[in-house]
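*Asks:* Structure below; questions to follow.
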Amino acid sequence: MSGSLQQAGRSLARSPGYALAVVLTLALGIGGAAAVTSVLRSVLLHPLPSAPADRAMSLFESDSLGNIRPISYPSFQDLRAAAPRSFEALAFARGLGVVLRGDAGAERLTAAYVTPDFFRALPAAAAVGRTLLTDDFTPGGTGVVVLSHRLWLRRFGGDPGIVGRTFRLGDATPVVVGVMPADYIYPPWAELFAPIGAIAADPALAERTLHVDSRVVGRLRLGVDSATAVRELGPVAERLAEAYPAETAEFRRLGFSPAVDEVIGGIGPQLRLLTFAAVLVLLIASVNIANLSLARASARSRELAVRTALGAGRGALLRLLATESAMLGAAGAGLGLLGAYWCVTLTRAAGQEVLPRAAEIALDWRLVLGAALVAVLLVVLLGLLPVVRRATADLGAELREGRGAGTAPVRRRMRAALVVAEFATALVLLTGSALLVRSLLRLQQVDPGFDVPHLVAAPIAPPSPKYDDPVRALTLYREAVEAVAAEPGVEAVALTSHVPLTGAGIPTPVESDGMASGSDPPQALYREVDESYFATAGIPLLQGRGFTADDMTHPGDAVLVNRAMARRWWPDGSAIGRRITVRKSVQGRPDFGEPVRATVVGVVGDVRHYGLEVEPGPEVYLPYTLVVWPRMALLARVRGNPEEAVRQITHTLARLEPDLPLVGTTLPGGVETVGAILDQGLAYRRLIAGLLGAFTVPALLLAALGIYGVIAYLVAQRTGEIAIRLALGSTPAAVRRLVLRDGLRLGVAGVVIGLGGALALTRLLRSELFEVSPTDPISLVGAAAVLLLVAALATWLPAERATRVSPMEVLRRE
């Protein structure tokens, strides 16, 4: 065995270029495929192990236009009272902001207050302690909570002795009874779980019109599908619509979707796209290895013929070639596994804020080792080609052919076809990357509707019960504005209920005489601001006037609307002077839902609250003193470095009220630059574009390696012909053109075929593109030009080498 290894090692050492090319090709193919497969398995295939995708369902209300909204708690109680037989368990979760206080400071968290069947609908054993039991829901019982795994690690350092401890949560001191496992992430925003009885006194919970910050989840019985559940609960929804027509409005149907859809969000198609890209790279790598193996087989024909003539049997040749291939395969697989580990580590770090369960992403060694084994077998099988060919070869003819061996037209055409396939595949990847990059650039050029630079946002969440009185909360908001405005470097300060680009908002019904709403539901997003908000944020006033100090002192008669609302509902006239009615939409206040009759006094520009790619919808702005929110956000425009201003504003607010929740680097927990919020919105698209680009680069390298290998091999085989051409007076430039023509011919053929594939496959990217067509000519032409440039560069070196052929030396050797 050692003799075979030594002989194989010496043989490979005589062809270092071939050995290095095979190892690197294998490493790129295995590394990319193994990395993306591991990410896909962790994030997409097993995003919620506690909930089988076909049984754990989220329930929601829908209208005839396909719009959906969460189910309110009273409606959930009516559904549960119907005792649907389709479900093993049906549960409700209400999301509510709470303040956690401790030695590290106060932090605002989102708690899920759940009904008793929640952990039956989504069952899982606690990682530490236990989940909530029936006794925990007994009225008057001791308050208990179950922590999410990420909160346990971040705030309590993963202390296994956390069970039985108490901490301050708002004005309560609940007991920790358990910690959920790391993969239990439903609802995705829940950082701790508590019995819903803990918020029984919250008047908003009893509002049938409250359709935000809640989830209804059910676990279907075995053998029951969602269609059966829809048929069973459909009549219940209809009865509720008849009983509560005002509250139900147009939402008269029930809908279902797998609970895992909310966990993975919209990333499923993108991860499948990356998987497709990894498969293409692996395909290119396989084609390259096949091409290299064909070249190696042709080049070794004479060597193997000599070995046979000297008495080497077929078994000895098989052992030699199999050992060589196994050594190459093992080296390539090992390097590929290291690359896969590095890629997974990098993806885990880059995707912390944008990928679900990013911390759980790890190499799946079973899949990786299986892929490596298949790749090694491929190399071994292709490496045995010379011996297979020897079975039908003419020994005497091969010995007589010498250096011309292996130049059969069939084999040349096969190698050329493989290179064309590589280029076509690489073009598909390159076009997809170009489309995503152009889409990202277009998105970055979108006007968000306000001035992002030098704008800092800070949460102002008055601690309970000290500020439960709206008057005291209002005083704190004013003091916060005054304190921050007094700091050096602060140019302007304002208050708002919702910071732009954070995706927050509450819809309110809107009524007005002469409103041309058409088929759209008469709703707008409800926002409260102070008189300085529009100037501070840089939102333009298009018509009328803005809010004044008098509007803040005597709120209720003046409102502002955005351009989208004015154009949609008053397209034939001015919105100024229109009388409209909206509903007070501040959760947790007893006047929730009460009508407000006011006059439109101004129209402001549209703001993209839900992301740069989402068109602004109707919005109505009211004075923040009309209904005092339990929490607000402060916007400050600053001079100089915004990051320094973040620290300064944090210290200022902490001095003003030490119990304000300011721990954390992002809203709503801490102070943050609005530029960082914008970057967070683009982070996912950047990650996907970067990962696809990461697959495109090795694809281009492999394609370049493929065409270089073919042209270099052809030049070597045509050395005699080139020498004769030079001896007969041909110029080096003519020889260079001859070689470049052969290489570019292959590149052009690959580009033509690849363009057809790109036109067919890039349509799958349509949902990921922003203001860019899947057939965008700039992307297609640019990708083709880059690929042809790669072909030219890969061909140039063999072409240049061909011009240095010495006719006398070649003819003497021949």
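The values are calculated or read from the model by the stated rules, or taken from the named source; none is laboratory data. A quick note: this is a predicted structure, and the numbers were derived from the prediction, not measured. Cβ: placed from backbone, ideal geometry, glycine included. Neighbour counts: every protein chain shown. For the accessible areas, the whole protein counts, side chains as well, though only heavy atoms, and no ligand, DNA or RNA atoms are used. Shrake-Rupley method; radii C 1.70, N 1.55, O 1.52, S 1.80 Å.
*Asks:* Could you check the range 774-791 and list, in sequence order, the residues that are in a loop (DSSP other than H, G, I, E, B) and surrounded by 17 or more Cβ atoms within 10 Å (Cβ to Cβ)? Write out each step before concluding.
*Replies:* The first filter runs over the range 774-791 and keeps only residues in a loop (DSSP other than H, G, I, E, B), leaving 774-776.
Answer for the range 774-791, where residues must be in a loop (DSSP other than H, G, I, E, B) and surrounded by 17 or more Cβ atoms within 10 Å (Cβ to Cβ): P774, D776.
*Asks:* Here's another thing I want to ask about it. Which one of L687, L701 is open to solvent by 10 Å² or more (accessible area, probe 1.4 Å), more than 22 Å from the chain's Cα centre (by Cα) and either within 30 Å of T536 (Cα to Cα) or touching a residue at least 60 places away in the same chain (Cβ under 8 Å) (or both)?
*Replies:* On the way: L687 fails: more than 22 Å from the chain's Cα centre (by Cα).
Checking each option against the conditions leaves just L701.
Residues checked against (1) among the aliphatic types (A, V, I, L, M); (2) touching a Pro at 6+ places or on another chain (Cβ under 6 Å); (3) free of Cβ contacts under 8 Å to residues at least 60 places away in the same chain; (4) more than 19 Å from V663 (Cβ to Cβ):
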{"position": "L153", "(1), (2), (3), (4)": "yes, no, yes, no"}
{"position": "F156", "(1), (2), (3), (4)": "no, no, yes, no"}
{"position": "D159", "(1), (2), (3), (4)": "no, no, yes, no"}
{"position": "G164", "(1), (2), (3), (4)": "no, no, yes, yes"}
{"position": "R168", "(1), (2), (3), (4)": "no, no, no, no"}
{"position": "D171", "(1), (2), (3), (4)": "no, yes, no, no"}
{"position": "V176", "(1), (2), (3), (4)": "yes, no, yes, no"}
{"position": "Y184", "(1), (2), (3), (4)": "no, no, no, yes"}
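*Asks:* Same structure again: Need pairs with beta-carbon distance below 7 Å; first residue among the hydroxyl-bearing types (S, T, Y) and within the range 539-556, second surrounded by 18 or more Cβ atoms within 10 Å (Cβ to Cβ) and not in a loop (DSSP other than H, G, I, E, B); sequence gap 6+ or separate chains.
*Replies:* Correct list of pairs: empty, since none qualify.
*Asks:* Shifting gears a bit: Among the residues of the range 144-180, which ones are part of a loop (DSSP other than H, G, I, E, B) and either open to solvent by 60 Å² or more (accessible area, probe 1.4 Å) or hydrophobic (A, V, I, L, M, F, W, C) (or both)? Before you say what the answer is, go through the steps one by one.
*Replies:* Filtering the range 144-180 down to residues part of a loop (DSSP other than H, G, I, E, B) leaves 148, 157-159, 163-165, 167, 170-171, 173-174, 180.
Listed by number, the residues that qualify are G157, V163, R165, F167, D171, T173, M180.
*Asks:* Is it true that P448 is modelled with pLDDT of 90 or more, open to solvent by 10 Å² or more (accessible area, probe 1.4 Å) and either part of a loop (DSSP other than H, G, I, E, B) or among the β-branched types (V, I, T) (or both)?
*Replies:* yes
*Asks:* Additional query: Quick check on this structure: which one of R589, R637, R655 is of a type in the set (K, R), in contact with a helix residue (DSSP H, G or I) (Cβ under 8 Å, 6 or more places away or on another chain) and within 26 Å of L443 (Cβ to Cβ)?
*Replies:* Sole residue among the options that is of a type in the set (K, R), in contact with a helix residue (DSSP H, G or I) (Cβ under 8 Å, 6 or more places away or on another chain) and within 26 Å of L443 (Cβ to Cβ): R637.
*Asks:* State whether the residues of the range 631-650 include one that is β-branched (V, I, T) and open to solvent by 30 Å² or more (accessible area, probe 1.4 Å).
*Replies:* The answer is yes, given that some residue of the range 631-650 is β-branched (V, I, T) and open to solvent by 30 Å² or more (accessible area, probe 1.4 Å).
*Asks:* Go through the range 554-594 and report how many residues are assigned to a helix (DSSP H, G or I) and either of a type in the set (D, E, K, R) or out of contact with any strand residue (DSSP E or B) (no Cβ under 9 Å at 6 or more places or on another chain) (or both).
*Replies:* 3
*Asks:* Would you point out which residue out of L90, L109, L132 is assigned to a loop (DSSP other than H, G, I, E, B), within 27 Å of S72 (Cβ to Cβ), open to solvent by less than 30 Å² (accessible area, probe 1.4 Å) and among the aliphatic types (A, V, I, L, M)?
*Replies:* On the way: L90 fails: assigned to a loop (DSSP other than H, G, I, E, B); L109 fails: assigned to a loop (DSSP other than H, G, I, E, B).
Exactly one residue qualifies, and that residue is L132.
*Asks:* Would you point out the residue of the range 720-732, among those that are touching a helix residue (DSSP H, G or I) at 6+ places or on another chain (Cβ under 8 Å) and surrounded by fewer than 18 Cβ atoms within 10 Å (Cβ to Cβ), that is nearest to A285 (Cα to Cα)?
*Replies:* If we take residues in the range 720-732 being touching a helix residue (DSSP H, G or I) at 6+ places or on another chain (Cβ under 8 Å) and surrounded by fewer than 18 Cβ atoms within 10 Å (Cβ to Cβ), then G720 is nearest to A285 (Cα to Cα).
*Asks:* Take the range 460-477 and flag every residue that is touching a helix residue (DSSP H, G or I) at 6+ places or on another chain (Cβ under 9 Å) and surrounded by 14 or more Cβ atoms within 10 Å (Cβ to Cβ).
*Replies:* I460, P462, Y467, L476
*Asks:* Moving to a separate point now. Given the residues A480, A457, A535, which is the only one that is among the small types (G, A, S), in contact (Cβ under 8 Å) with a residue 40 or more places away in the chain, open to solvent by 10 Å² or more (accessible area, probe 1.4 Å) and not in a loop (DSSP other than H, G, I, E, B)?
*Replies:* A535
*Asks:* Could you look through the range 60-86, keep only residues that are hydrophobic (A, V, I, L, M, F, W, C), under 23 Å from I185 (Cβ atoms) and open to solvent by 10 Å² or more (accessible area, probe 1.4 Å), and pick out the one that is modelled with the lowest pLDDT?
*Replies:* Step by step, filter the range 60-86, then rank; the result is I68.
*Asks:* Can you give me the number of residues within the range 318-335 that are modelled with pLDDT under 75 and under 34 Å from the mean Cα position of the chain (by Cα)?
*Replies:* The qualifying residues number 1.
*Asks:* Looking at the range 276-290, is at least one residue open to solvent by 40 Å² or more (accessible area, probe 1.4 Å), farther than 30 Å from Y684 by Cα and among the aromatic types (F, W, Y)?
*Replies:* no
*Asks:* Among the residues that make up the range 99-107, is at least one of them in contact with a helix residue (DSSP H, G or I) (Cβ under 8 Å, 6 or more places away or on another chain), over 30 Å from R655 (Cα atoms) and either of a type in the set (G, A, S) or modelled with pLDDT under 90 (or both)?
*Replies:* no
*Asks:* In the list S574, S585, which residue meets the criterion of being at pLDDT below 90, farther than 26 Å from A204 by Cα and among the hydroxyl-bearing types (S, T, Y)?
*Replies:* Working: S585 fails: farther than 26 Å from A204 by Cα.
On inspection, the qualifying residue turns out to be S574.
*Asks:* In a loop (DSSP other than H, G, I, E, B) and either aliphatic (A, V, I, L, M) or modelled with pLDDT under 85 (or both) - does that describe any residue in the range 230-249?
*Replies:* Yes, the range 230-249 contains a residue that is in a loop (DSSP other than H, G, I, E, B) and either aliphatic (A, V, I, L, M) or modelled with pLDDT under 85 (or both).
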